[in-house]
Amino acid sequence: MGNHNHTHNFTEQFEFSGKLKTWTLIAMVVGILAIAFGLLTGQQERTYANLLLMAYYFTCVCAAALFFIALQYVAQAGWAIGLIRIPQAMSRVLPIAALVLVIVSASGLLTHNLYHHWNAEGLSDPASPHYDKIIAGKSGFLNVPFFLARLVIFLGVYSYFASLFAKYAEREEMEGGLVFYDKSFKWSSLFLVIFGFTTPIWAFDTIMSLEAHWFSTMFGWYNFAAMWVSGICTITLIVILMKKAGYLSWVNENHLHDLGKFIFAFSIFWTYVWFSQFLLIYYANMPEETVYFYKRWEPEYLPWFWLNIIINFVAPLLILMARDSKRQMNRLMVVCIILLCGHWLDYYMMIMPGTVESHRGFGIIEIGVAVGFVGLFTYLTLNQLSKRSLVSKNHPFLEESINHQI
């Protein structure tokens, strides 16, 4: 481990073993038991809704890490290179997260526990008693083969880019020079364009189509903001915990300050999109739009509805506004944990009111499934992180990152 003067140990390797590994495995077992409990007590809809929530969250966080890497290349930013190994490890987990999300969505469709608003018998057949004019109008887009094809293609393309960037990072590590940096730059530019255009559709499909009568053109950006904040919070949290464990000696408060600025800025952006969507629907007062918020204003959801905005907006606003608080590890760590829970609640409010008809509530299934997925994510990410040294020695901007000051 590097001592904390100017000599840093750039061959530093993270070891993933012992208690930490055991705890992640225990968390996964808790998740499996919670899923079994939900399915065996006849709460299929609620269990599937929670599986979708966590599979989507898991995939979003890994995709945000990939977006983070591509952004650093395209902006030719040097500051983050000292901690780039962490989003790299997260992005390598993306193919597994994507697979989990595809399996959950597909089985939810086939068992009619998810997406039954548009995937029930006779909705687009004018002769059927269940005929639904709105759903029939959308059936060219919302049908099982096309839905699954889009999901598989989008997540497949993201996963391909994740493995491509990982390969380039490895080659750069071995060979040095600028060849692979230039390739990463070019492919990152392409990735950002593809990601920008497909993320909203992915959010429309996976989450918005749960309530297929309703739509909002802002929903994709609202989801993107949530994804980006949760991704940055996860990266920051891992950096802080690694530093506390004695790793990453070259990461200092200047790097934390930059991560803190991202968290602060995009929490405000998330609020802006959330509030714009809410306000437009509120004052237009059109029945086909207000139905969405009407459900979320039922007594059982109303406290969560307001808590969501308080946690995700007021907490970062009050705690991270001052410059110093972005540079303090403990304060930043608390904000990251609050926001990761806050965005879980955000996804909960997007998914639950429109999917779960009976057995609503908050309890063993919600907590257990969340714990299980956190265990799975932590296990896979730390496993990837332990495979390489913690710094990309041959990155052309490494020196800039180590001497980063703001």
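Observations on the model:
- Any hit, the range 236-243, residues being surrounded by fewer than 20 Cβ atoms within 10 Å (Cβ to Cβ), over 30 Å from Gln328 (Cβ atoms) and of a type in the set (D, E, K, R): no
- Only one of Tyr294, Tyr301 that is surrounded by fewer than 16 Cβ atoms within 10 Å (Cβ to Cβ) and among the aromatic types (Phe, Trp, Tyr): Tyr294
- Matching residues, the range 211-237, being over 24 Å from Val374 (Cα atoms) and either touching a residue at least 24 places away in the same chain (Cβ under 8 Å) or not in a helix (DSSP H, G or I) (or both): Glu211, Ala212, His213, Trp214, Phe215, Ser216, Thr217, Met218, Phe219, Trp221
- Within the range 169-213, the set of residues being among the hydrophobic types (A, V, I, L, M, F, W, C), closer than 23 Å to Leu101 by Cα and surrounded by 19 or more Cβ atoms within 10 Å (Cβ to Cβ) comprises Phe191, Phe195, Trp202, Ala203, Phe204, Ile207, Met208, Leu210, Ala212.
- Test result for Asn254, among the polar types (S, T, N, Q), in a helix (DSSP H, G or I), at pLDDT 90 or above and surrounded by fewer than 23 Cβ atoms within 10 Å (Cβ to Cβ): yes
- Residue tally, condition charged (D, E, K, R) and in a strand (DSSP E or B), over the range 369-398: 0
- Residue in the range 333-349 that is touching a Ser or Thr at 6+ places or on another chain (Cβ under 6 Å) and buried (at least 21 other Cβ atoms within 10 Å of the Cβ) present: yes
- Only one entry of Ile86, Ile134, Ile96, Ile103 meets the criterion of being in a helix (DSSP H, G or I), of a type in the set (A, V, I, L, M) and either in contact with a Cys (Cβ under 8 Å, 6 or more places away or on another chain) or surrounded by 19 or more Cβ atoms within 10 Å (Cβ to Cβ) (or both), and that entry is Ile86.
- Entry remark, the range 1-37: residues being modelled with pLDDT of 95 or more and either of a type in the set (Gly, Ala, Ser) or over 30 Å from the mean Cα position of the chain (by Cα) (or both) number 4 in total.
The values are calculated or read from the model by the stated rules, or taken from the named source; none is laboratory data. Since we're looking at a predicted model, the values are computed, not measured. Methodologically, a virtual Cβ is constructed for each residue, glycine included, from the backbone with ideal geometry; neighbour enumeration extends over all protein chains shown.
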